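*Asks:* I have a structure here, written as structure tokens, and I will follow up with some questions on it.
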Amino acid sequence: MLTDQEKIDLVNALDFVVIEPHTQSIYVHNDEKTNGVLARVLHTISVDEYIESFKKGSLIDIFPAAMQEAGAEGFKDGQFVIMPKKFYVDQCYAMSKEIERLTNLITLHNIKPNTYQGLIH
């Protein structure tokens with residue numbers, strides 16, 4: 001049984017032909033290499049069913065397989081990625097610090113609710 005990272009590495013080894021961020025579609029060729037990767041990555045649907053569901057001409061949208069079957073959590077810098085827990089902790093910490101900074105500004109300038117427009121000149 002492959003780990004999620006191993007599955008994602010297999011998917012990332014494919015040649016991404018068309019990337020459509022606005023539709024969250026990433027197309028690869030419908031060839032033996034892709035079929036082999038799908039056979040190793042898919043566990044809730046057969047390769048044939050997947051291809052039938054996500055084909056567009058001679059291409060296949062690999063995005064659903066990567067996100068739902070391989071465990072990817074995003075697409076960054078041209079690759080599917082799993083974000084480590086530390087990433088989320090760091091994001092929460094940064095957001096907490098920003099909330100604290102903004103709260104201090106509100107207190108410092110004695111800003112009341114719905115008076116922010118008075119600060120804009």
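Rule-based calculations on the coordinates, nothing more; no lab input. None of these values were measured; they are calculated from a predicted model. Note that we place each Cβ from the backbone using ideal geometry, even for glycine, and neighbour counts take in every protein chain shown.
*Asks:* Taking amide H positions as placed 1.01 Å from N in the peptide plane, with prolines and chain starts having none, which residues 5 or more places from Ser25, or on another chain, fall under 5 Å of its amide H?
*Replies:* The answer is Glu20.
*Asks:* If the only charges are +1 at each Lys and Arg Cβ and -1 at each Asp and Glu Cβ, what is the size of the charge dipole of region 12-63 around the Cα centre, to the nearest 20 debye?
*Replies:* So the dipole magnitude of region 12-63 works out to roughly 100 debye.
*Asks:* Please state, rounded to one decimal and in Å, the Kirkwood hydrodynamic radius that the chain gives when every pair of distinct Cα atoms enters the mean of 1/r.
*Replies:* Kirkwood hydrodynamic radius for the chain: 17.3 Å.
*Asks:* Order of Arg40, Arg101 from fewest to most other C-beta atoms within 10 Å?
*Replies:* On the way: Arg40 15, Arg101 10.
Lowest to highest Cβ neighbour count: Arg101, Arg40.
*Asks:* Related question: With θ set to phi - 60°, apply the Karplus curve 6.51 cos²θ - 1.76 cosθ + 1.60 along region 77-82 and write out the HN-Hα couplings as whole Hz, x wherever there is a Gly or Pro.
*Replies:* Going residue by residue, I get 6, x, 9, 6, 9, 10 Hz, with x marking Gly and Pro.
*Asks:* Something else: What residue among Ile111, Phe75, Phe63 has its Cα farthest toward the positive end of the dipole of the chain, where the charges are +1 on Lys, Arg and -1 on Asp, Glu, each on the Cβ?
*Replies:* Result: Ile111.
*Asks:* Charges at C-beta only: +1 for Lys and Arg, -1 for Asp and Glu. How large is the resulting dipole of the chain about its Cα centre, in Debye rounded to 20?
*Replies:* 700 debye
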